[in-house]
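Q: Sharing a structure here in structure tokens format.
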Amino acid sequence: MNLGKKLVVLDRIYEIYENFAKGLDVACKKYCAKCCTRNVTMTTLEGYKIADFVELKGKTDLYAKIQKALYKKRFLPEITTNMLADLCLKGKDIPDEESDAGWGECPLLINNECSIYQVRPFGCRCFVSETNCIENGYAKVDPFVLTVNSLFLQYIEHGDKDGCFGNLTDVLLFMQNEESRKLFEKGILKCEDTWMIPNMPTKAFLVAPEHKARIEPILKALRNSFSPIFMQDSGVNS
């Protein structure tokens, strides 16, 4: 699938999730940015979409803002969502990954507003809390929502299976470079030469038994819309 079609697929995934999220009772609202930290992760496909938006809207000064905060500690993922699912299916140990919200806020925040809100990655879109994080000091996410989020993350990663996965900082600084974007367009990225890690195709989904019936309509919508990028025998495994 060419890049243009992948971006169309990504937009459709976002649309399906937004329709799902409309039915959720959440406390998140404008200027609530406590959860907007330096630890956001995303795929290179999402990074390419954001970089395109930044160029189109004349917001290239955001790269300088990201670069300025580069010295600060940030979450560097060791595994992707599909890698996690694969490890679980094989009964293997999941590596411990260091992450701390105290490392600071997202470099794309300006006065508690997201400067790329229209094209924000799924990692931002799917973080929906039932409680006010500022007032209560913590976020609360329904277990079923977490399952749905994982499903969408797996689809997005599969759609970018030839790309990479990493911290927002690293993905966007990579996409700032025109030569890097051309490599991505040609599908010849070498993730090992960056702070990013390779994506992998989805082999199966991990859904808790109590969520299988409830998640089926969402899974069906994704399958019907994106069968060209998914294996015909993809299934839901517990």
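Every number here is computed from the coordinates shown, using simple stated rules; none is lab data. Bear in mind that the values here come from a model prediction, so they are computed numbers and not experimental data. Here Cβ is always computed from backbone atoms with ideal geometry, including for glycine, and neighbour counts include all displayed protein chains.
Q: Cα gyration tensor of the range 99-186, axes a ≥ b ≥ c as square roots of the eigenvalues: rounded (a/c below 1.5), prolate (a/b > b/c) or oblate?
A: oblate
Q: Would you mind putting 82-93, 139-150 in packing order, based on average other-beta-carbon counts within 10 Å, highest first? Write out the running numbers ahead of the final one.
A: On the way: 82-93: 14.1, 139-150: 16.4.
Descending mean neighbour count gives 139-150, 82-93.
Q: Could you name the lysines whose alpha carbon sits less than 20 Å from that of Lys68, not counting residues in the same chain fewer than 8 places away?
A: In chain and number order, the partners are Lys59.
Q: Under a Cβ-only charge scheme (Lys and Arg +1, Asp and Glu -1), can you give me the dipole magnitude of the chain about the Cα centre, in debye to the nearest 20? Please report the intermediate quantities before stating the final value.
A: On the way: 31 positive and 32 negative charges, 92 e Å.
Computed charge dipole of the chain: roughly 440 debye.
Q: Provide the FRET efficiency to the nearest 0.05 for the Leu70-Lys220 pair, computing r from the beta carbons and using R0 = 35 Å. Spell out each step's value before the answer.
A: On the way: r = 42 Å, r/R0 = 1.21.
So, using R0 = 35 Å, E works out to roughly 0.25.
Q: Of all DSSP beta bridges located in the chain, what percent are antiparallel, nearest 5?
A: Numbers: 8 of 10 bridges.
If I count the DSSP bridges inside the chain, around 80 percent turn out antiparallel.
Q: Assuming R0 = 30 Å, what is the FRET efficiency of Phe144 and Cys191, from their Cβ-Cβ distance, to the nearest 0.05? Could the numbers behind the result be given before it?
A: Details: r = 32 Å, r/R0 = 1.07.
Taking R0 as 30 Å, the efficiency between Phe144 and Cys191 is 0.40.
Q: Can you tell which of Cys114, Cys164, Cys32 shows the greatest fluctuation in a Gaussian network model of the chain with Cα springs below 10 Å?
A: Highest fluctuation of the listed residues: Cys32.
Q: Starting with the highest mean, order 215-223, 100-108 by the number of other Cβ atoms within 10 Å, averaged over the residues of each peptide. If you can, show how the numbers build up before the last one.
A: On the way: 215-223: 14.7, 100-108: 16.6.
Final packing ranking: 100-108, 215-223.
Q: What's the magnitude of the charge dipole for the range 1-56 around its Cα centre, counting Lys and Arg as +1 and Asp and Glu as -1 at the beta-carbon? Answer in Debye, nearest 20. Could you put the intermediate results ahead of the total?
A: Numbers: 9 positive and 7 negative charges, 35 e Å.
Result for the range 1-56 is approximately 160 debye, rounded to the nearest 20.
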